[in-house]
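Taken together, the values in this text are just the output of simple stated rules run on the coordinates, not laboratory data. Note that the coordinates shown come from a computational prediction; the quantities given were computed from them, not determined experimentally. Methodologically, a virtual Cβ is constructed for each residue, glycine included, from the backbone with ideal geometry; neighbour enumeration extends over all protein chains shown.
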Ligand code: PLP
């Protein structure tokens with residue numbers, strides 16, 4: 001009988017709960033790794049779906065870092081584009097200048113996209129990371145209202161089980177509790193969190209998805225009214241939640257209902273697609289599949305595919321027109337904004353995605369991955385949920401499937417599965433704090449769009465082996 005997190009057995013095998021980390025002495029410790037305890041793996045070469053380590057190992061990268069490497073590693077066309085741009089214009093400041101690479105990248109993303117979906121976004125601001133993009137978006141949304149004379153609007157409404165970044169602004173709206181601990185009392189004060197759109201944990205027994213959606217929407221409406229809609233800047237959330245709770249799409253009808261509610265109360269809708277956007281779910285933007293048009297969208301990760309640090313805030317014409325009538329400039333600028341080399345690199349990545357029909361490939365391989373995960377894990381006693389969309393999938397591990405109760409967090413079930421898979425030769429992304437920011441484990445699989453069916457088979461079979469090892473260690 002397994003020890004329960006709710007009622008630990010008196011004689012629970014304490015030695016099985018050893019901390020996942022032990023202090024190790026390294027001959028030449030990394031001078032930059034964030035952990036002072038662990039030594040990162042040194043990658044000496046990366047090509048296609050594989051990473052080659054200094055110790056001779058070859059690792060199948062089934063998560064592209066953190067869902068970043070959408071076209072795999074070491075692409076020569078992209079390298080050439082970066083080099084060409086460096087030679088042509090290596091840097092200019094956006095205060096006075098622009099470049100073809102930045103303009104063409106903006107055009108490529110904003111032009112009515114190939115699926116024919118009219119997203120309504122008309123302007124892009126390129127920055128260096130997802131966190132910066134979200135901070136920019138929060139500032140832009142605030143400026144929008146400020147210039148309309150609605151200076152009392154201070155609140156951002158976001159959701160539990162959401163992640164938006166590590167800067168003070170983006171962390172304030174995030175709910176990954178572990179990352180916030182030392183900073184809790186210095187985060188933005190005007191933030192309110194509503195429930196996650198978590199069908200697995202949040203819906204009641206026998207409740208239809210539509211009914212769950214109605215409950216969630218009612219809760220948001222109550223929160224809007226409690227704070228006063230006239231005091232709220234935006235509702236911000238991930239269209240499909242990524243690292244915080246493990247590739248979690250919202251229940252049916254949720255997004256159209258949120259859009260209607262934001263319209264009803266005059267609140268901006270900001271979708272964070274830093275992880276789930278740029279084709280990861282099979283369409284350029286995940287919100288296309290929901291049939292809605294947000295006011296602000298943030299993208300990152302897949303935008304540059306890992307070849308250069310780049311992310312963006314995209315805004316619609318309502319905001320642009322309003323700012324034009326106000327101070328006529330977004331009051332935000334950074335030295336490396338719209339960096340020409342990053343933009344040229346991202347453009348090369350996006351051109352490859354379009355030319356090689358990779359979004360279609362995501363749909364086809366995505367359903368293959370879904371099938372593989374279902375056939376391999378559905379009957380596993382400790383896999384509570386298998387969820388995702390496109391090439392963006394997660395397994396959530398639970399100690400008790402009927403109760404959906406998590407493993408003790410000290411056991412680090414998700415990180416252990418990730419570690420065991422890595423030892424066998426497959427990189428996946430670990431997640432913990434899945435349920436409430438503290439407990440609950442998942443692992444995330446997000447391979448490059450260029451991956452093959454065989455690689456997916458290897459990845460899933462390896463995760464199964466790793467899972468078996470961790471289960472054996474626990475019981
Ligand atoms: N938003 C989401 C949904 C993310 O997944 C991430 C990163 O994981 C971020 C924002 C922050 O992006 P970055 O790490 O590039 O700052």
Task: the stretch 445-475-the stretch 116-133 distance, computed between alpha-carbon centres (Å) - done: 33
Open item on the list: Can you give the FRET efficiency to the nearest 0.05 for residue 184 and residue 80, using r as the Cβ-Cβ distance and R₀ = 35 Å?
Closed with: 0.15
TODO: Could you grab the relative contact order for the chain? Cα pairs under 8 Å, six or more apart, rounded to a whole percent.
DONE: 22
- [ ] Using a/c under 1.5 as the rounded threshold, could you call the stretch 136-188 rounded, prolate or oblate? The axes a ≥ b ≥ c are square roots of the C-alpha gyration tensor eigenvalues, and prolate needs a/b larger than b/c, oblate otherwise.
- [x] prolate
Open item on the list: Can you tell me the length gained on complete extension of the stretch residue 360 to residue 215, counting 0.36 nm per residue apart and subtracting the Cα distance?
Closed with: 48.8 nm
TODO: Write down the radius of gyration of the stretch 344-475 and its Dmax, each obtained from C-alpha positions, in Å.
DONE: 15.8, 52
Task: Taking N as its residue count, the alpha carbon Rg of the chain over 2.2 N^0.38 Å - done: 0.97
Open item on the list: For the pair residue 472/residue 222, report the inter-label distance in nm, with labels modelled 7 Å from Cα in the Cβ direction.
Closed with: 4.9
- [ ] Please work out how much length the chain gains when fully extended from residue 148 to residue 380, using 0.36 nm per residue of separation minus the C-alpha to C-alpha distance, in nm with one decimal.
- [x] 78.0 nm
Open item on the list: Rounded, prolate or oblate for the stretch 182-298? Axes are the square roots of the Cα gyration tensor eigenvalues, ordered a ≥ b ≥ c, and the cut-off for rounded is a/c under 1.5.
Closed with: rounded
Open item on the list: Need one number: % antiparallel among DSSP beta bridges in the chain, to the nearest 5.
Closed with: 70
Task: Distance from the stretch 330-361 to the stretch 204-248 (C-alpha centre basis), Å - done: 31
TODO: Could you check the simple spin-label distance between residue 260 and residue 320, using points 7 Å along Cα→Cβ, in nm with one decimal?
DONE: 2.9
Open item on the list: Please rank 68, 122, fewest neighbouring Cβ atoms within 10 Å first, as an exposure proxy.
Closed with: 122, 68
Task: Mean Cα-pair separation over length for the stretch 232-336, i.e. relative contact order, pairs under 8 Å, 6 or more apart, % - done: 22
- [ ] Could you tell me whether the stretch 68-156 comes out rounded, prolate or oblate from its Cα gyration tensor? Rule is a ≥ b ≥ c as square roots of the eigenvalues, rounded for a/c under 1.5, then prolate if a/b exceeds b/c, otherwise oblate.
- [x] prolate
Task: Rough spin-label spacing in nm, given labels placed 7 Å along Cα→Cβ, for residue 424 and residue 87 - done: 4.6
